[in-house]
Amino acid sequence: MVTVYVENGEFKFRGTFDFGYIGFYRDDQIEMVDTCEDIRDEWYDEISEVMDIDTCTDEEIAAFLTDRMNAAEQRIQAHIGEINETFLRHVFDDMASCGNEFWEHEELTVPGFDYDDPDFDFYKMPEEAIKEGHTDFGSLAGPNDGTVKKDSFEQYLRKYKPMFNLDNFLKGIEPECVCLHQDSISFQCSDKYDFAVICGAYDDIDLEDLSFTDWHNY
């Protein structure tokens with residue numbers, strides 16, 4: 001949870017924001033672009049529903065934003081499984097599109113696996129997985145609010161791609177910043193393995209249906 005306060009006309013955050021696999025953000029890593037003036041102008045409809053925007057103080061708006069940010073965290077936590085799954089799918093898709101050779105980084109490998117085997121193809125879906133129906137994990141742009149049933153991509157990775165040290169990858173995610181917007185919340189993170197897998201991964205998550213709307217990486 002966070003507390004929003006005002007400093008030199010800008011809103012600052014104190015506390016923590018749990019974004020699941022995307023990272024655990026603290027204090028200065030939590031931010032918003034809008035100033036007090038921007039909020040009064042651009043958030044007029046939302047603010048005016050709960051207070052008189054012509055007479056309210058910056059501190060009262062900060063209290064409103066505190067509730068807004070904590071409500072966003074609670075909503076994300078209520079559907080954190082789907083958020084995590086979509087994040088992993090974006091990461092894997094990026095790895096596949098660039099032929100990422102993660103096995104060049106020892107921390108991301110698994111002892112006993114022969115990565116030099118000429119038949120090794122990490123990005124090919126195994127026939128067994130296809131037979132079991134692991135072909136439709138849901139749209140990357142789809143909602144993550146429980147309204148659409150999706151196969152578990154994490155289960156697929158753990159069962160069919162055990163040569164990728166998923167646990168170490170998750171432990172190595174470096175949270176950079178999370179930012180509250182009027183209708184969404186954005187994040188940016190990287191990894192501690194010299195950006196072996198993610199480098200400034202960014203997305204903007206719609207707070208209505210929790211869909212990922214603007215993924216960037218590398």
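The values are calculated or read from the model by the stated rules, or taken from the named source; none is laboratory data. Since we're looking at a predicted model, the values are computed, not measured. Positions of Cβ are backbone-derived with ideal geometry, glycine not excepted, and every protein chain shown enters the neighbour counts.
Can you confirm whether Glu82 is touching a Pro at 6+ places or on another chain (Cβ under 9 Å), closer than 22 Å to Phe17 by Cβ and of a type in the set (Asp, Glu)? In short, yes.
Please go through region 145-172 and give me each residue that is of a type in the set (A, V, I, L, M, F, W, C) and in contact with a helix residue (DSSP H, G or I) (Cβ under 7 Å, 6 or more places away or on another chain), ordered by number.
Within region 145-172, Phe153, Leu157, Phe164, Leu166, Phe169, Leu170 meet the criteria.
Let's see how each residue does on (1) part of a strand (DSSP E or B); (2) within 18 Å of Ile205 (Cβ to Cβ):
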{"residue": "Lys12", "(1), (2)": "yes, no"}
{"residue": "Ile39", "(1), (2)": "no, no"}
{"residue": "Asp52", "(1), (2)": "no, no"}
{"residue": "Met69", "(1), (2)": "no, yes"}
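The set of residues in region 17-34 being of a type outside the set (A, V, I, L, M, F, W, C) and part of a helix (DSSP H, G or I) consists of Gly20, Tyr21, Asp27, Asp28, Gln29.
Residues satisfying the criterion are present in region 128-148 (criterion: in contact (Cβ under 8 Å) with a residue 24 or more places away in the chain and not in a loop (DSSP other than H, G, I, E, B)).
Glu82 meets the conditions (1) of a type in the set (Asp, Glu); (2) surrounded by fewer than 17 Cβ atoms within 10 Å (Cβ to Cβ); (3) modelled with pLDDT of 95 or more; (4) more than 18 Å from Val4 (Cα to Cα) in every case but one. The failed one is (2). Select from region 159-203 the residues that are surrounded by 18 or more Cβ atoms within 10 Å (Cβ to Cβ), of a type in the set (D, E, K, R) and either under 30 Å from Asp38 (Cβ atoms) or at pLDDT below 95 (or both) and list them in ascending order. Passing the criteria: only Asp203. Being closer than 26 Å to Phe113 by Cα and modelled with pLDDT under 90 is a property that Ile130 has. The set of residues from region 63-79 being of a type in the set (Gly, Ala, Ser) and either crowded, with 19+ Cβ neighbours inside 10 Å or touching a residue at least 60 places away in the same chain (Cβ under 8 Å) (or both) comprises just one member, Ala72. A search for C-beta distances below 7 Å between a residue of region 21-32 that is over 23 Å from Thr86 (Cα atoms) and any residue that is of a type in the set (Lys, Arg), counting only pairs 6+ apart in sequence or on different chains, returns Asp27/Arg14.
Count of region 168-201 residues, restricted to those that are in contact with a Lys or Arg (Cβ under 9 Å, 6 or more places away or on another chain) and either of a type in the set (Gly, Ala, Ser) or without any contact (Cβ under 8 Å) to a residue 40 or more places away in the chain (or both), is 3. Inspect region 105-123 for any residue being among the aromatic types (Phe, Trp, Tyr), surrounded by 12 or more Cβ atoms within 10 Å (Cβ to Cβ) and closer than 16 Å to Ala201 by Cβ and give the result as yes or no. No, because not a single residue in region 105-123 is among the aromatic types (Phe, Trp, Tyr), surrounded by 12 or more Cβ atoms within 10 Å (Cβ to Cβ) and closer than 16 Å to Ala201 by Cβ.
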